[in-house]
Amino acid sequence: MPEVKERAPGQPIDWYWIPIERKALAALSRRSDARGAVQTLGFLGVLAATGAMASHSGSHWAWYVTAALLLVHGSCWAFLSNAFHEFSHGTVFASRPLNRLFLGVVSFLSWNNPVLFWASHTEHHKFTCFPPDDLEIDLDARSSVRHFLSFAILNPQGFVRSLRNSWRYGTGQLRGEWEQRLFPPGAIAQRRSLAHWSWGLLGGHAVLVAASLYLRLWMLPVVVTLAPFYGRGIQWLCNESQHMGLPGNLADFRLCSRTIYLNPVLQFMYWHMNYHTDHHIYAAVPCYRLANLHRLIRADLPQCHRGLFSVWREIAATLRRRTAEPGYRFMAQLPPRRARAAPGRAA
């Protein structure tokens with residue numbers, strides 16, 4: 001078992017790498033403007049369609065039809081967080097300007113600050129589930145049906161939190177161990193960038209709301225500014241399955257992250273992050289090539305769950321057992337270990 005019991009904070013981790021030929025890895029890591037456009041424009045097209053339907057319903061159809069369409073729209077919009085993740089990695093387009101352009105677009109639409117996220121996410125990839133170097137993941141997180149329902153349909157507290165956090169970052173108020181570590185007092189340029197993005201989010205959405213009210217486009221703020229704060233349930237089930245219930249301090253991505261199989265539509269909306277173990281092992285591979293990577297390395301992976309019901313049944317059982325046995329750690333069954341290879345990796 002590749003357990004790391006004693007290590008100094010910040011010390012590099014000797015991760016296990018699944019063998020793969022360099023030529024194959026180079027091909028898989030190739031970025032494509034065409035495939036990036038299909039993923040990006042197809043995804044944004046879905047959001048535009050669901051938003052347009054909900055907006056039209058708001059002035060033409062019954063309130064309950066509008067509520068149902070808004071729930072569908074919010075369920076799709078929630079996956080902007082995964083689009084934001086991919087553009088933060090810079091692997092969607094071969095063109096850097098296109099990656100940067102769409103990073104700005106999806107950051108604004110999803111109320112995400114890319115400066116904060118990337119500072120945190122690079123540490124998450126280097127030190128996955130190794131606290132205190134990776135505090136992006138809460139290994140002791142618990143969940144319940146009541147907790148899930150508190151934000152899955154309507155999440156006003158999330159909206160208030162986004163406003164408060166954007167104001168905090170804009171005014172330079174960093175709190176907690178993780179934020180202070182990511183942006184120490186000497187990181188003046190990084191703190192300034194964090195603040196600029198925060199003011200951009202607040203100012204941009206304020207302008208959008210004001211213009212919508214002036215033009216009497218009452219539904220526009222509902223389907224854009226408020227969209228990240230309703231209908232998040234399906235995206236949460238996808239996203240939280242990546243690491244929840246798995247152990248930390250293990251130098252093997254196969255044990256601290258999960259790959260699951262989803263239907264093609266949900267996989268597309270999720271930006272292929274159901275191949276999450278694969279993503280952690282070779283993070284330079286664009287999301288639209290992760291299925292190809294998976295076919296090459298799946299013989300070295302634990303058995304992968306099919307669908308959200310299967311994986312959440314396992315997670316729920318693990319969390320229940322942890323409550324009864326605080327020292328319990330779930331361990332996926334690994335295939336026999338092959339020869340080691342380390343062709344390199346980028347976060």
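The numbers here are math on the coordinates, done by the rules we state, and not lab data. Computed from a predicted structure; not experimentally measured. Cβ atoms come from the backbone with ideal geometry, glycine included; neighbour counts cover every protein chain shown.
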Of L28, A52, L163, farthest towards positive along the dipole that unit charges on Lys, Arg, Asp, Glu beta carbons give the chain
L28
In the range 40-132, which chymotrypsin sites (Phe, Trp or Tyr not before Pro) are in a loop and have at most 14 other Cβ atoms within 10 Å, using DSSP for the loop call?
W61
Among C238, C304, what is the fewest-to-most ranking by other Cβ atoms within 10 Å?
C304, C238
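Over the chain, calculate the relative contact order: mean separation of alpha carbon pairs under 8 Å at least 6 apart, over the residue count, as a percent.
27 percent
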For the range 74-173, whose charge dipole is built from +1 on Lys and Arg Cβ atoms and -1 on Asp and Glu Cβ atoms, the candidate among V145, F127, Q173 with its Cα farthest towards the positive end is Q173
Do you know the relative contact order of the range 1-107, to the nearest whole percent, from alpha carbon pairs under 8 angstrom that are 6+ apart?
28 percent
Alpha-carbon radius of gyration plus Dmax, which is the widest Cα pair, for the chain in Å
20.7, 65
Roughly speaking, what is the centre-to-centre gap between the range 1-73 and the range 126-189 when only Cα atoms are used, to the nearest Å?
20 Å
Through the Karplus equation 6.51 cos²θ - 1.76 cosθ + 1.60, θ set to phi - 60°, convert the phi angles of the range 173-179 into ³J(HN,Hα) values in whole Hz; use x for Gly and Pro.
9, 9, 10, x, 4, 5, 4
Amide H of A283 versus every other amide H placed in the peptide plane: which residues, excluding those fewer than 5 positions away on the same chain, fall under 5 Å?
A346
In debye, nearest 20: dipole of the range 32-324 around its Cα centre with unit charges on the Cβ of K, R (+) and D, E (-)?
300 debye
If you take the charge dipole of the range 32-324 about its Cα centre, with +1 on Lys and Arg Cβ and -1 on Asp and Glu Cβ, which of Y64, V311, V209 is farthest toward its positive end?
Y64
Once amide H atoms are built 1.01 Å from N in the peptide plane, which residues 5 or more positions from T259, or in another chain, come under 5 Å H to H?
H276, T277
Residue-wise HN-Hα coupling along the range 31-43, computed from phi with Karplus coefficients 6.51, -1.76, 1.60 (Hz; x: Gly, Pro)
8, 10, 5, 5, 5, x, 5, 4, 5, 5, 5, x, 5
Going by Cα centres, the range 201-230 and the range 89-124 are how many Å apart?
22 Å
The range 118-224: trypsin sites (Lys or Arg not before Pro) in DSSP coil with no more than 13 other Cβ atoms inside 10 Å:
R142, R175, R216
Residue-wise HN-Hα coupling along the range 305-313, computed from phi with Karplus coefficients 6.51, -1.76, 1.60 (Hz; x: Gly, Pro):
6, 10, x, 6, 4, 5, 5, 6, 5
